[in-house]
Amino acid sequence: MPETPVQESPSLSALAPSRLARLQQWAVCVALAAALGWGLWVWPHSPAAALAGVALLLGGYALVLALELVAVARVHGADPAPRPRWADLARAWWQEVRMAPRVFAWRQPFVWRRWPDTLAAPACSASGAGAVVFVHGFVCNRGFWHPWMRELRRLGVPYVSVNLEPVFGSIDDYVPLMEQAVRRAEALGGLPPQLVCHSMGGLAARAWLVADVANPARVQRVLSIGTPHHGTWLGQFSHLPNGRQMRMHSPWLQALAAAEAQHAPEATYRQFICWYANTDNIVFPASTATLPGADNRLVPGAAHVAMAFHPRVMRESLALLASGASSPCAATAS
């Protein structure tokens, strides 16, 4: 289907630099070089050992994903989300095995500039739609959102994005970046902007919301996907600033919740739609990704990264972002 023309930023690199992209480029190239070197060196002596080494170097992440999902099953406990079956965990593992290389070895390191942010509102604007602000998660950049950006361009919905850096800094350091992105989205006109956040990005959005008492009124809604709103069991193993903040019920999370309750004692999270999964391999137990009083939507059997591109998550979220099928852009694009 033809894409709705939009004006785009002529200098995205100056707008949203990504040191993470360079780091991941280096990691991908080192992994490929190591695999090639091992294969050429060992093959004459043992083809089986050569193939096994290459598989481990390029596919070892699959073993890590398997261990994470075993932990999901063990840690579930009395969580109110449905307990996943082993078949559900296996499907989630396969989803993530396929999705992780697309995101971490291609979109983010090499083509993160492919879909530039909207510079001005498109000539054909989705009726009632506010601009979208994309907020990625831990060890990610704006390239994470490519499938969403492509769909919003088709629908004629303007969007902007952030690169949350320093990558391993405090989540509080991202508040100025969020402010800049919201201001750019506001300049695109229409209704107040809409925040779409994955994982840690949802916490960056919450930190920005409480940074100023006026901020909640500046956005229409907040969609969080697999966000550790109450922390995650895996957080205990991190000693990075933002990793420590995402530990279960960390002091930072408790202070954030207290500030939110002070700003809005009633219906604190009425603007939030929280997507969560009972097979999320990063944010678990499952209900840590929900908020009280929010529109919490369970996606059974979805993995952490793959959940952001789950057909139901994208279908329902895009319908909200574009204000439904009444969009004149959607009609002309089909």
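To the nearest ten degrees, helix 47-59 and the longest principal axis of the Cα atoms of the chain are 20 degrees apart. Listed peptides 129-142, 50-63, 182-195, 90-103 appear in the order 129-142, 182-195, 90-103, 50-63 once ranked by packing, highest mean of other Cβ atoms within 10 Å at the front. How far is helix 251-263 tilted, in degrees, relative to the longest principal axis of the Cα atoms in the chain, given as a value from 0 to 90 rounded to the nearest 10? Value to nearest ten degrees: 10. Between segment 220-252 and segment 264-325, the alpha-carbon centres lie 15 Å apart. Each Lys or Arg adds one and each Asp or Glu takes one away; over the other residues whose Cβ falls under 14 Å from the Cβ of VAL103, this sums to +4. Working note: Karplus 6.51/-1.76/1.60 with θ = phi - 60° gives segment 157-162 the couplings 9, x, 8, 9, 9, 10 Hz, where Gly and Pro are set to x.
With each label modelled as a point 7 angstrom along the Cα→C-beta vector, the TRP106-ALA62 pair spans 1.7 nm. Scanning residues 5 or more positions from SER161 or on other chains, those with amide H under 5 Å from its amide H are PHE134, with H placed 1.01 Å from N in the peptide plane. When only the Cβ of Lys, Arg, Asp and Glu is charged (+1, +1, -1, -1), the dipole of segment 179-240 relative to its Cα centre reaches about 80 debye. Overall, the ratio between the Cα radius of gyration of segment 19-110 and 2.2 N^0.38 Å, rounded to two decimals, is 1.38. Comparing VAL175, ASN141, PRO228 along the charge dipole axis of segment 118-333, the residue lying farthest to the positive side is ASN141, per the Cβ-charge model. Amide H to amide H, with H built 1.01 Å from N, ARG221 comes under 5 Å of LEU195, counting only residues 5 or more places away or on other chains.
Count Lys and Arg as plus one, Asp and Glu as minus one, and take only other residues whose Cβ is under 13 Å from that of VAL162; the net charge is then -1. Distance distribution note for segment 108-204: the fraction of Cα pairs above 15 angstrom is 57%. For segment 157-268, pairs of C-alpha atoms spaced more than 18 angstrom apart make up 49 percent of the total.
Counting only the Cα atoms, the chain fills a convex hull of 145 Å³ per residue. Against the chain, whose longest principal axis is taken from its Cα atoms, helix 61-75 shows a tilt of about 70°. A simple charge model with +1 on the Cβ of Lys and Arg, -1 on the Cβ of Asp and Glu and nothing else charged puts the dipole of segment 19-110 at about 220 debye relative to its Cα centre.
Taken together, the values in this text are just the output of simple stated rules run on the coordinates, not laboratory data. All values reported here derive from a predicted model rather than from experimental measurement. Note: ideal-geometry Cβ built from the backbone for every residue, glycine included; neighbour counts use all protein chains shown.
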